[in-house]
Amino acid sequence: MRIFSGIQPTGRKHLGNYIGAIEQYVHHQDQGEAIFCIVDLHATTVPYEPGELRERLYDTAAILLAAGLNPERCVFFRQGDVPEHSELTWLLSSVTAFGDLNRMHQFKEKAGAQRDLVSASLFTYPILMAADVLAYRADTVPVGDDQRQHIELMRDVAERFNARFGDTLVVPTGVYREVGARIMDLQEPQRKMSTTGGTEQGTVLVLDDPATIERKFKRAVTDSGTEIRRDPGKPGISNLIEILAAVQGTSFEAVEAAHANSRYGDFKLAVAQAVIEHLRPVHERYDGLRADEPALEAILAAGAEKARSLAAPVLADVRRAMGVGPVA
């Protein structure tokens, strides 16, 4: 089984990123042939500062490594170092429907937030996301729950390509975490935790110090009543239950049973302490990894070489099937 997923280098990584994506990478690197990349090309679809992009990329790489991603057990690279992604994006655009792109929820959300320029790349980036996966004939794509529409699009693209040009690409399957798939903002639990659209006090950053994490959880919005249980009418407590279940590797029911007699304040403190302990290994390893940028570059370069050896034959097959370039 071949596994692929990518993570944006923009923004500071928060608890939702860690539980929903980063931990899944670490888990899946031992489940098959795993390929993971930091998608810097995707980051150029919205306004950004070049220097900050590079800094955030190193931050993200160091967090992934500190979390347990092992370049000896997976292919780990920077998307922009593998040009096959860009060429395959253009070729796949010929079998991607304009209407499908126009219906993408994330395009509408991000386009609405732009004041000056809505780039063409923001509209077409789902094709790049499809190319990221299809370039490696990946079977499985571990992603967050908010990426379901993108997975369906890449499946449609692969099926449409195969129907028109012959069986060339693998149709991938998305894998979504059952517990911790959507971590919500602690201050506005109806919204997903985010460093761009969320609240500062409601967003727990992976690199927040223990005191800051504890303070944010103590101030987390709860609901009326006193019961510790998941319920559509109790989004604040439901979110805290989900977080605790995810970091403890247990079920919602087990969390509810263990804290049936807890008060809200005590429960929030218990969640904070569990999160602090869960992130402790990352905090202990991150600084040393982040300080050595040449080492990070060497890891990413070695991974890119491996990635190109996997993607180049797929791109060659796509070109051949489409009649692009000389006859092989």
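The values are calculated or read from the model by the stated rules, or taken from the named source; none is laboratory data. Quantities reported herein were computed from a predicted structural model and do not represent experimental measurements. All Cβ positions, glycine included, derive from the backbone under ideal geometry; neighbour counts span all protein chains shown.
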Q.
Within the stretch 305-323, does at least one residue satisfy the condition of being within 30 Å of THR226 (Cα to Cα) and in contact with a Leu (Cβ under 9 Å, 6 or more places away or on another chain)?
A. no
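Sort through GLU305, GLU256 and tell me the only one that's farther than 23 Å from ALA181 by Cα, part of a helix (DSSP H, G or I) and of a type in the set (Asp, Glu).
The conditions single out GLU305.
Every residue, every condition in (1) without any contact (Cβ under 8 Å) to a residue 24 or more places away in the chain; (2) β-branched (Val, Ile, Thr); (3) assigned by TED's automatic domain parsing to the domain that holds GLN147, yes or no:
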| position | (1), (2), (3) |
| --- | --- |
| GLU55 | yes, no, yes |
| ASP59 | no, no, yes |
| CYS74 | no, no, yes |
| PHE77 | no, no, yes |
| GLY80 | no, no, yes |
| THR89 | no, yes, yes |
| HIS105 | no, no, yes |
Q. Taking the stretch 170-205 as the region of interest, how many residues are over 30 Å from ALA311 (Cα atoms) and surrounded by 21 or more Cβ atoms within 10 Å (Cβ to Cβ)?
A. 10
Q: Give VAL206, VAL255 a once-over and let me know the one that is touching a strand residue (DSSP E or B) at 6+ places or on another chain (Cβ under 8 Å), within 15 Å of ILE19 (Cβ to Cβ), in contact (Cβ under 8 Å) with a residue 12 or more places away in the chain and among the β-branched types (Val, Ile, Thr).
A: VAL206
(Q) With the requirement that a residue be crowded, with 21+ Cβ neighbours inside 10 Å and more than 11 Å from LEU64 (Cβ to Cβ), what does the stretch 11-27 give you? (A) HIS14, LEU15, GLY16, ILE19, GLY20, GLN24
(Q) Exactly one of these conditions fails for LEU279: (1) outside any helix (DSSP H, G or I); (2) within 22 Å of the chain's Cα centre (by Cα). Give me its number. (A) (1)
Q. So which residues in the stretch 304-319 are touching a residue at least 40 places away in the same chain (Cβ under 8 Å), more than 11 Å from HIS85 (Cβ to Cβ) and of a type in the set (Gly, Ala, Ser)?
A. ALA312
(Q) I'd like the full set of residues that are surrounded by fewer than 17 Cβ atoms within 10 Å (Cβ to Cβ) and assigned to a loop (DSSP other than H, G, I, E, B), limited to the stretch 138-169. (A) GLY166, ASP167
Q: Among the numbered conditions (1) at pLDDT 95 or above; (2) polar (S, T, N, Q); (3) in contact with a helix residue (DSSP H, G or I) (Cβ under 8 Å, 6 or more places away or on another chain), tell me where ASN239 comes up short.
A: (3)
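Matching residues to (1) in the same structural domain as PHE76 (by TED's automatic domain parsing); (2) modelled with pLDDT of 95 or more; (3) of a type outside the set (A, V, I, L, M, F, W, C):
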residue	(1), (2), (3)
ALA260	no, no, no
GLY265	no, no, yes
VAL271	no, yes, no
VAL275	no, yes, no
ARG280	no, yes, yes
ALA301	yes, yes, no
GLU305	yes, yes, yes
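Per-residue answers, yes or no, for (1) part of a helix (DSSP H, G or I); (2) of a type in the set (Val, Ile, Thr); (3) in contact (Cβ under 8 Å) with a residue 40 or more places away in the chain; (4) surrounded by 13 or more Cβ atoms within 10 Å (Cβ to Cβ):
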site: THR222; (1), (2), (3), (4): no, yes, yes, yes
site: ASN239; (1), (2), (3), (4): yes, no, yes, yes
site: GLY265; (1), (2), (3), (4): yes, no, yes, no
site: ALA270; (1), (2), (3), (4): yes, no, no, yes
Q) Just to be sure, is LYS234 farther than 24 Å from LEU64 by Cβ and touching a residue at least 40 places away in the same chain (Cβ under 8 Å)? A) no
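Conditions tested, residue by residue: (1) under 20 Å from the mean Cα position of the chain (by Cα); (2) closer than 30 Å to ALA158 by Cα; (3) not in a loop (DSSP other than H, G, I, E, B).
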| site | (1), (2), (3) |
| --- | --- |
| VAL179 | yes, yes, no |
| GLN187 | no, no, no |
| GLN201 | no, no, no |
| LEU207 | yes, no, no |
| ARG230 | no, no, no |
| GLY236 | no, no, yes |
| GLU242 | yes, no, yes |
Q. Name the strands (runs of 3 or more DSSP E) wholly within the stretch 1-106 that hold at least 1 residues that are of a type outside the set (Ser, Thr, Tyr), under 27 Å from VAL179 (Cβ atoms) and over 17 Å from the mean Cα position of the chain (by Cα)?
A. 2-7, 33-38
